[in-house]
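Below: the structure, in structure tokens.
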Amino acid sequence: MADNRAALGTPAAEAHDRSRSHAWYKPGEKLKLSPYTLELFQNYSRIPADQVATHIIEVREKAWEVYPYPCIGSFRFLDFAITESPIFTTALTKLNSGGKYLDLGCCFAQDLRALVHAGIPSENLYGADLQSGFIDLSHDLFKDGHTLKSTFFEGDIFDFSTFKPIRGEISNPNLFQKIKGDIDIISARSFLHLFNPEQEFKAACQIVAILKDSPGSIIMGRQVGSFTPGMESISLGRREVFRHDPQTWEELWNRVGEATDTKWNVQAKLLELSPDVKDSIKAAELANIETRGWLEFVITRL
Ligand SMILES: C[S@@+](CC[C@H](N)C(=O)[O-])C[C@H]1O[C@@H](n2cnc3c(N)ncnc32)[C@H](O)[C@@H]1O
């Protein structure tokens with residue numbers, strides 16, 4: 001377990017540069033809010049329109065101190081990607097009829113809030129993250145600490161014994177053991193791409209163990225992929241990761257299926273990065289700028 005934590009750069013693992021000179025750190029003045037984001041902060045979080053940007057920037061600064069992920073520096077946590085997923089409507093139907101959802105590696109858990117905003121009962125929605133600081137800040141960001149009934153776990157995907165509820169139903173320390181194996185939809189957004197191939201495989205097998213063991217259960221998300229799949233070095237956390245295309249992604253899940261004695265329908269496609277994401281990659285002098293894309297996936301249990 002120590003290796004996994006070190007690879008992910010928990011505060012204890014290694015000192016990370018939290019300076020604002022990272023290319024993926026956008027100054028607050030560059031924040032642009034989409035109409036959906038503004039509407040959600042106004043009507044779900046009850047923040048007046050003219051205060052939304054200032055509020056987001058203030059919370060983002062605190063999250064950057066927890067860990068300087070690119071999605072925090074570049075405000076990508078304001079993309080409510082689940083609303084654009086090809087199975088958004090299917091997900092709403094499943095969750096409206098009592099299904100359970102887990103946002104794994106949730107950080108700000110913005111997609112969970114989008115589901116609540118779409119009318120899904122929040123008690124059926126769960127979040128989990130290695131860093132409790134992100135979970136606390138997610139409640140500050142969305143100003144729903146007193147209204148949201150979802151339970152959030154602090155925990156390391158590589159060790160289920162570490163999972164403990166820190167928000168929501170905190171009176172039951174064994175809640176994770178109770179819901180493990182009973183989750184209908186797991187969102188693993190910008191999550192598996194954090195790990196080296198060996199860890200990625202292990203984490204994927206752990207995800208299978210959390211998901212309900214019945215046909216139709218879903219693993220969904222979006223992560224960095226590549227039109228020319230292969231290994232890439234990541235400066236943050238000094239990691240070597242594999243950037244997938246739809247074919248290598250399916251191969252991974254076939255191996256996961258063999259190891260866990262499960263079968264999966266893997267739907268994945270590579271989406272072009274938006275110009276502003278490309279610009280921040282260029283500025284960060286990261287390799288493979290032109291070949292990167294978002295790998296969007298829906299993996300359904302057969
Ligand atoms: C790049 S962020 C993505 C956050 C969010 N899913 C999104 O798409 O905006 C990755 C998240 O995974 C969490 N994480 C990293 N390693 C983890 C682990 N071993 N177990 C659970 N969560 C982990 C991090 O703390 C971070 O919040």
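Residues in segment 171-200 that are of a type in the set (S, T, N, Q), more than 8 Å from the ligand (Cβ to nearest atom) and not in a helix (DSSP H, G or I): SER171, ASN172, ASN174, ASN196. Pairs are defined by a Cβ separation below 7 Å, a sequence spacing of at least 6 or placement on different chains, a first member in segment 264-282 that is of a type outside the set (D, E, K, R), and a second member that is modelled with pLDDT under 95 and loosely packed, with under 13 Cβ neighbours inside 10 Å; no pair meets this definition.
State which residue is farthest from CYS71 (Cα to Cα) when the search covers only segment 125-150 and only residues that are touching a helix residue (DSSP H, G or I) at 6+ places or on another chain (Cβ under 6 Å) and without any contact (Cβ under 8 Å) to a residue 60 or more places away in the chain. Step by step, filter segment 125-150, then rank; the result is LYS149.
What do you reckon, is TYR67 surrounded by 20 or more Cβ atoms within 10 Å (Cβ to Cβ) and either farther than 30 Å from LYS178 by Cα or of a type outside the set (A, V, I, L, M) (or both)? Spelling it out, TYR67 is indeed surrounded by 20 or more Cβ atoms within 10 Å (Cβ to Cβ) and either farther than 30 Å from LYS178 by Cα or of a type outside the set (A, V, I, L, M) (or both). Listed by first and then second residue, the pairs with beta-carbon distance under 6 Å, at least 6 apart or on different chains, first residue in segment 102-122 and within 17 Å of ARG46 (Cβ to Cβ), second within 11 Å of the ligand (Cβ to nearest atom) and not in a helix (DSSP H, G or I), are GLN110/PHE80; ALA114/PHE80.
So that you can scan it fast, the table gives a plain yes or no per residue for (1) under 15 Å from the mean Cα position of the chain (by Cα); (2) buried (at least 24 other Cβ atoms within 10 Å of the Cβ):
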| site | (1), (2) |
| --- | --- |
| GLY98 | no, no |
| ALA114 | yes, no |
| PRO121 | no, no |
| GLY127 | yes, yes |
| THR147 | no, no |
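Filter segment 263-280 down to the residues that are in a strand (DSSP E or B) and within 15 Å of TRP253 (Cβ to Cβ) and list them by number.
Let us first name the residues in segment 263-280 that are in a strand (DSSP E or B), namely 264-272.
TRP264, ASN265, VAL266, GLN267, ALA268, LYS269, listed by residue number.
Here LYS26 passes the criteria (1) in a helix (DSSP H, G or I); (2) over 30 Å from VAL266 (Cβ atoms); (3) in contact (Cβ under 8 Å) with a residue 24 or more places away in the chain; (4) more than 14 Å from the ligand (Cβ to nearest atom) except the one numbered (1).
Hey, can you tell me all the residues within segment 201-232 that are closer than 20 Å to LYS269 by Cα and within 11 Å of the ligand (Cβ to nearest atom)? Across segment 201-232, the qualifying residues are GLY221, ARG222, GLN223, VAL224.
Taking the stated definitions as given, is LEU194 under 25 Å from GLY98 (Cβ atoms) and either among the aliphatic types (A, V, I, L, M) or in contact with a helix residue (DSSP H, G or I) (Cβ under 6 Å, 6 or more places away or on another chain) (or both)? No. Applying the criterion of at least 2 residues that are within 14 Å of the ligand (Cβ to nearest atom) and either of a type in the set (D, E, K, R) or at pLDDT 95 or above (or both) to the helices (runs of 4 or more DSSP H) found wholly in segment 87-167 leaves 110-117, 132-142.
The values are calculated or read from the model by the stated rules, or taken from the named source; none is laboratory data. The structure displayed is predicted, hence computed values, not measured ones. FYI the Cβ positions are ideal-geometry reconstructions off the backbone, even for glycines, and counts take in every protein chain you see.
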